[in-house]
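First comes the structure, then the notes that go with it.
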Amino acid sequence: MSLLELNNISKIYGDLKALDNVSLSVDTGEWVAIMGPSGSGKSTMMNIIGCMDKPTSGAVLLDGKDISKESAKSLTAIRRDKIGLIFQQFHLVNYLTAVENVMVAQYYHSMPDEKEALEALERVGLADRAKHLPSQLSGGEQQRVCIARALINYPEIVLADEPTGNLDEANENIVLDIFKQLHKDGTTLVVVTHDPEVGEVAQRTITLEHGRIVKDALNANFKEA
Amino acid sequence: MTKRKMFLRMITASLVRRRSRMLVALLAIAVGATILSGLVTIYYDVPRQMGAQFRNYGANMIFLAASNEARFDLDTVRRGVACIDAEELVGVAPYRYETVRIHEQPILAAGTDLDGAKATSPYWHIDGEWPSARYEVLVGQETAEFLGLKTGDVFNATWSSGEEEEDVLNLGVDMKVAGILETGGSEEEYLYMSLSDMEELAGETEKLDVVELSVSASADELKAYEQDIEANVPDIAPRLVKRVTESESTVLTKLQSLVFLVTAVVLVLTMICVATTMTAVVTERRKEIGLRKSLGASDGSIIWEFMGEGLLLGGVGGILGSILGFAFAQFVSVHVFSSSITYQPALLPVTILVSVLVTGLACLLPVRSATEVDPALVLKGE
Ligand SMILES: Nc1ncnc2c1ncn2[C@@H]1O[C@H](COP(=O)(O)OP(=O)(O)OP(=O)(O)O)[C@@H](O)[C@H]1O
Ligand SMILES: [Mg+2]
């Protein structure tokens, strides 16, 4: 059984079909890149997978359970327990330090544990920046804090929407190396990107156009780290 | 780390590290709390303050003899006075009235304790001096005009020692006008002398007609004293001077309702200010709210985090306000009533509680709107 399954989902805004009858399944441990031109429905799809939005029609199965009809309250609970989100704009709480930002995710999930949060920061190479506020961190460092936060509760699936969109080459590589490590550790990764370089390193690439999947291929160049 | 610790860490970080924003709200609460605790302090102190002011308008209690013919003596008066708290007793003036003849005219003379009269009737205006020596007197303005007397004049006064006109008149004594008394009232018809002079000249001691008292107490306390004296000293019929006590309590009631009204208005304004600030804060932090929701925060935890910040602000504002409020009340008291006030320790928890309540109430709507944030929308890139 696959971890995630989209069955004929559509998302319709007025007369615009942001997603048009999309079906897709992702297995545990897979690393999937979602590509496509702007407006093709990538973020819409991510929001639906990430339980931030509901499809107009179709079913979304996470762990075999249909979440497309769940209430907002139980979607919140699913987000908390199963999903790690990484955003293009980082979205850190600006008055909390790096380690506190990681602890916020623990706080909503279970119990804040500063030691564990510090270890997570260490894994993304930020042990020495733990007590800094977001404004005192570079964009790359902020994104790594976000990654540490997304991973802290061991989510079943990590979703990243343009995680390198605001980063330079060097920081992009740092983030991709972290992703490689995550994949190696067995984390399921779904990454939306414009950037072919980011798409290439994934195991499988799905291309969207006008809300439809036009290509779904395994990456020939993919090599396990 | 427990969840509660993290909760406190988050809300204090929000307040401490985002100082400028929350300062506005804090200021509003502190000002509200200052006015609240200041005015309430004054509210409770005003009766005392005003009581002292009102004592300038004369006696508010008198003792009469319980039976019609009888006059009472100083010892009875002392027993009556003993019923009144010495701290509250501003002055006691016993009066004995006799008729004297001056220039062949019958004039009403009052013998009194002149210091007591000075204390009970601070409004008396003396043209000249208060009598200080034997046979010195105050002459009421009207009588002085009638007799053609001026300050410093010496005149001869005679007494009839018995009831009958024909009784042997004494030779009279020469008395000196120490001052002319102006009050605008019936006091101007009298001649005032010390009780000892009168007793010496009219004979018989310790025969008093009336005692005037000035007591710094509320209308209710005065009533209690009246009943107390009536019960314990049967020779005395105590009476309250209604004109004085009633106008005193009317003014107090009006003043207190004014203070109450102002406090209520200030609290409402504080609430509006806090609500406005909190609404701005929630709007400003939509992204953060969306993020917290995306991390799995329930509506309940969002509400509690913002409420927590609000209530913490309310508490800190309340503490600040009760300190500043005392300073404010002290300032008003010194400048308006020229006397200092005592701190009411009970006011500290009350002020804090009210600030917290008002802030909590003000936060209700803004915080509710925080739960309506859609994380998918606010987290979308711009
Ligand atoms: N809340 C919304 N209301 C109306 N239309 C929307 C809404 N969200 C997205 N859309 C529309 O749906 C389409 C797909 O949007 P989506 O954000 O998924 O694109 P995208 O592939 O992520 O694009 P980009 O690469 O620019 O981020 C767009 O045409 C967009 O205008
Ligand atoms: Mg997008």
- Round to a whole angstrom and tell me the spacing of the C-alpha centers of region B:309-381 and region B:90-137. 57 Å
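What do you reckon, how do A:K131, A:K11 stack up by accessible area (1.4 Å probe), largest on top?
Values: A:K131 130, A:K11 25 Å².
These residues rank, largest area first, as A:K131, A:K11.
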- Task: Collect residues whose amide H, placed 1.01 Å from N in the peptide plane, falls under 5 Å from the amide H of A:K11; neighbours closer than 5 in sequence don't count.
- Result: A:A18, A:L19, A:D20, A:N21, A:T56
- Query: Which whole-number percentage describes the relative contact order of region A:127-197, with Cα contacts under 8 Å and a sequence gap of 6 or more?
  - Reply: 36 percent
- Task: Note down the nm distance, to one decimal, between modelled labels 7 Å out along Cα→Cβ at B:A52 and at B:E284.
- Result: 4.5 nm
- Message: I'm a student and want to see the number: the projected area of the Cα convex hull of region B:1-98, averaged over all directions, in nm².
- Response: 13.4 nm²
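Working from the pairwise distances between different alpha carbons, so that the mean of 1/r is found and then inverted, what is chain A's Kirkwood radius in Å? List each step's numbers first, then the result.
Numbers: mean 1/r = 0.0563 Å⁻¹.
Its Kirkwood hydrodynamic radius stands at 17.8 Å.
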- With the 1.4 Å probe rolled over protein heavy atoms, region A:159-218 has an accessible area per residue in Å² of 45 Å²
- Message: Quick check: the angle from helix B:3-17's long axis to the longest principal axis of chain B, C-alpha only, nearest 10 degrees?
- Response: 70 degrees
- Message: Treating region A:92-142 as a set of equal point scatterers at the Cα positions, no solvent, please give the Debye-formula log₁₀ I(q)/I(0) at q = 0.16, 0.17, 0.25, 0.26 Å⁻¹.
- Response: -0.39, -0.44, -0.91, -0.98
- By its C-alpha gyration tensor, with a ≥ b ≥ c as the square roots of the eigenvalues, how is region A:121-174 shaped: rounded for a/c under 1.5, else prolate for a/b larger than b/c, else oblate? oblate
- Solvent accessible area, Å² - A:K69, 1.4 Å probe, full protein context: 150 Å²
- Task: Can you quote the Å³ per residue value for the convex hull of the Cα atoms in region B:316-365, rounded to an integer?
- Result: 68 Å³
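What accessible area, summed over both chains, is buried at the B-A interface (1.4 Å probe, Å², nearest 100)? The partial results should precede the final answer.
Details: alone 20210 and 10750 Å², together 28330 Å².
Buried area (both sides, nearest 100 Å²): 2600 Å².
Rounded, prolate or oblate: which fits region A:1-92 when a ≥ b ≥ c are the square roots of the eigenvalues of the alpha-carbon gyration tensor, with rounded for a/c under 1.5 and prolate only if a/b beats b/c?
Details: a/c = 1.23, a/b = 1.12, b/c = 1.10.
Note, shape of region A:1-92 comes out rounded.
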- Message: Rg and Dmax in Å for region B:59-110, alpha carbons only: what are they?
- Response: 14.6, 46
- Averaged over the residues of A:81-92, the number of partner chain Cβ atoms within 10 Å of each residue's own Cβ comes to 3
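What's the magnitude of the charge dipole for the protein assembly as shown around its Cα centre, counting Lys and Arg as +1 and Asp and Glu as -1 at the beta-carbon? Answer in Debye, nearest 20. If you can, show how the numbers build up before the last one.
Working: 54 positive and 82 negative charges, 1094 e Å.
The dipole of the protein assembly as shown has a size of about 5260 debye.
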- Could you name every residue in region B:1-26 that has 30 Å² or more less accessible surface in the full protein assembly than in its own chain alone (probe 1.4 Å, ligands and nucleic acids excluded)? B:M1, B:K3, B:M6, B:R9, B:M10, B:R17
- Can you give me the pair-distance distribution of region B:244-382, C-alpha pairs, 5 Å bins, whole percents? 2, 9, 13, 16, 14, 11, 9, 7, 6, 5, 3, 2, 1, 0, 0, 0
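Can you tell me how much longer the chain between B:R243 and B:E204 gets when fully stretched, taken as 0.36 nm per residue apart minus their C-alpha distance, in nm with one decimal?
In short, 10.7 nm is gained.
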- Output the Cα-based Rg and Dmax of region B:59-240 in Å, rounding Rg to one decimal and Dmax to a whole number. 17.0, 51
- Task: Compare B:A297, B:A65, B:A219 in a GNM of chain B, Cα atoms joined below 10 Å, and give the one with the largest fluctuation.
- Result: B:A297
- Task: Could I have the simple spin-label model distance between A:A127 and B:A224, label points 7 Å from Cα toward Cβ, reported in nm to one decimal?
- Result: 7.4 nm
- Residue by residue through region B:344-354, which ³J(HN,Hα) values in whole Hz follow from phi under the Karplus form 6.51 cos²θ - 1.76 cosθ + 1.60 (θ = phi - 60°), with glycine and proline marked x? 9, x, 5, 6, 4, x, 5, 4, 4, 4, 5
- Item | region B:254-303 versus region B:1-49: alpha-carbon centroid distance in Å | 12 Å
- Query: Which value in nm describes the separation of the simple spin-label points at B:V251 and A:L16, placed 7 Å from the Cα toward the beta carbon?
  - Reply: 7.4 nm
- Query: Which listed residue (B:H125, B:V77, B:S67) has the Cα farthest towards the positive end of the charge dipole for region B:59-240, taking +1 on Lys and Arg C-beta and -1 on Asp and Glu C-beta about the Cα centre?
  - Reply: B:H125
- Item | Efficiency of FRET between A:E224 and A:E119 - r from beta-carbon atoms, R0 22 angstrom, step 0.05 | 0.35
- Task: May I ask you to derive the FRET efficiency for B:A13 and B:F260 from their Cβ-Cβ distance with R0 = 41 Å, giving the value to the nearest 0.05?
- Result: 0.55
- Query: How would you classify region A:67-120 from its alpha-carbon gyration tensor, with a ≥ b ≥ c the square roots of the eigenvalues: rounded for a/c under 1.5, else prolate if a/b is greater than b/c, otherwise oblate?
  - Reply: prolate
- Query: Short version: ³J(HN,Hα) in whole Hz for each residue of region B:193-200, in order, from phi by Karplus 6.51 cos²θ - 1.76 cosθ + 1.60 (θ = phi - 60°), x for Gly and Pro, what are they?
  - Reply: 9, 5, 4, 5, 4, 5, 5, 5
- Task: Pop out the ³J(HN,Hα) list for region A:92-107 in order, Karplus 6.51 cos²θ - 1.76 cosθ + 1.60 with θ = phi - 60°, rounded to Hz; leave Gly and Pro as x.
- Result: 9, 6, 6, 9, 10, 5, 3, 5, 5, 4, 5, 5, 4, 5, 5, 4
- Would you mind calculating the relative contact order of region B:59-240 from Cα pairs under 8 angstrom and at least 6 residues apart, reporting the percent as a whole number? 39 percent
- How large is the Kirkwood hydrodynamic radius of chain B, in angstrom, based on all distinct alpha carbon pairs? 26.1 Å
- Query: Per-residue accessible area for A:M46 at 1.4 Å probe radius, Å² rounded to 10?
  - Reply: 10 Å²
- Between B:L89 and residues 5 or more places away or on another chain, which pairs have amide H atoms under 5 Å apart, with H built 1.01 Å from N, and which residues are they? B:S216
- Item | Relative contact order %, chain B, counting alpha carbon pairs below 8 Å whose residues are six or more apart | 28 percent
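Keeping the other protein chains in place, figure out the carbon and sulfur percent of the accessible area of chain A, with a 1.4 Å probe. Spell out each step's value before the answer.
Values: 4580 of 9430 Å².
Its accessible area is 49 percent carbon and sulfur atoms.
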- Note on the structure: Whole-percent carbon and sulfur contribution to the accessible surface of region B:59-240 (1.4 Å, no ligands, DNA or RNA) stands at 45 percent
- Item | Under 5 Å, built H, 5+ apart or other chain: amide partners of B:V210 | B:Y95
- Query: Kirkwood Rh over Cα pairs of the protein assembly as shown into Stokes-Einstein at 20 °C, 1.002 mPa s: D in µm²/s?
  - Reply: 68 µm²/s
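The values are calculated or read from the model by the stated rules, or taken from the named source; none is laboratory data. Nothing here was measured: the structure is a model prediction, and the numbers come from that model. Cβ atoms come from the backbone with ideal geometry, glycine included; neighbour counts cover every protein chain shown. The protein model used for the area step is the full one, side chains on, heavy atoms only, and it has no ligands, DNA or RNA in it. Shrake-Rupley method; radii C 1.70, N 1.55, O 1.52, S 1.80 Å.
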